[in-house]
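Asks: Just dropping this structure here.
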Amino acid sequence: GSITEDDEDSTTPATPIRLQAEDFTSTSGYTVENVAAADGGQDIRLPSNGTGMASYALSGKVAAGTYSVVVGYVDESDGESTASLTIGNAEGQSFAGDWTFDDDATSGNATQAANFRTVTFDNVTVGSDATLTLAGMANDLEYARIDWCLRRCLRHRPRSHHRDRQRD
């Protein structure tokens, strides 16, 4: 990934936790597709102008704590899809963030490697029994494709939200 000035006070474990979007246990509207350039050879996508969500129960897989969450997605040049990331639990602890698939400068209109992007959400608090949910809205021929989520445990990191054009 990239390094920004606010990375100085953070601690990243040796093995970040990567969740493949195609392994999310609850989906509505999203379907799994084979994509050679995707991590693991698959991603999830919506139909043209469709909406959907995919969820993953973190209980027993991710310890409660503060994380940096990176989402790997496909940004194409033939639409501007939107997506959101939410993490919540029964105790009312929650996080929500959203983004638009609009970095078209070097994107094509398919799933070639040059179209993969990441968006990073910092200082995400994950409580016990949390569920991570990705929701998307496809636009035109851009299908709100999502490849993976990466979680890095943090001790301290100033609040920020930034995009990165490199894959982790």
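The values are calculated or read from the model by the stated rules, or taken from the named source; none is laboratory data. The model shown is predicted, which means the values in this text are computed figures rather than measured ones. Using ideal geometry, Cβ is built from the backbone for each residue, glycine included, and neighbour counts are taken over all protein chains shown. These area figures cover heavy atoms from the full protein model, side chains too; ligands, DNA and RNA do not enter into them. Shrake-Rupley method; radii C 1.70, N 1.55, O 1.52, S 1.80 Å.
Asks: Being open to solvent by less than 10 Å² (accessible area, probe 1.4 Å), in contact with a Ser or Thr (Cβ under 9 Å, 6 or more places away or on another chain) and assigned to a loop (DSSP other than H, G, I, E, B) is true for just one of 80, 76. Which residue is that?
Replies: 76
Asks: On to the next question. So, in the range 27-50, of the ones that are under 15 Å from residue 112 (Cβ atoms) and under 15 Å from the mean Cα position of the chain (by Cα), which residue ends up surrounded by the most Cβ atoms within 10 Å (Cβ to Cβ)?
Replies: 43
Asks: Only one of these conditions is not met by residue 161: (1) modelled with pLDDT under 90; (2) touching a helix residue (DSSP H, G or I) at 6+ places or on another chain (Cβ under 6 Å); (3) not hydrophobic (A, V, I, L, M, F, W, C). Which number is it?
Replies: Just one mismatch for residue 161, condition (2).
Asks: Now a separate question. Is it the case, given these coordinates, that residue 66 is among the hydroxyl-bearing types (Ser, Thr, Tyr), open to solvent by less than 30 Å² (accessible area, probe 1.4 Å) and touching a His at 6+ places or on another chain (Cβ under 9 Å)?
Replies: In short, no.
Asks: All but one of (1) open to solvent by 50 Å² or more (accessible area, probe 1.4 Å); (2) farther than 15 Å from residue 57 by Cα; (3) of a type outside the set (Asp, Glu); (4) at pLDDT below 85 hold for residue 111; state the number of the condition that does not hold.
Replies: (1)
Asks: Under the condition of being part of a strand (DSSP E or B) and among the aliphatic types (A, V, I, L, M), which residue from the range 51-63 is least open to solvent (accessible area, probe 1.4 Å)?
Replies: 54
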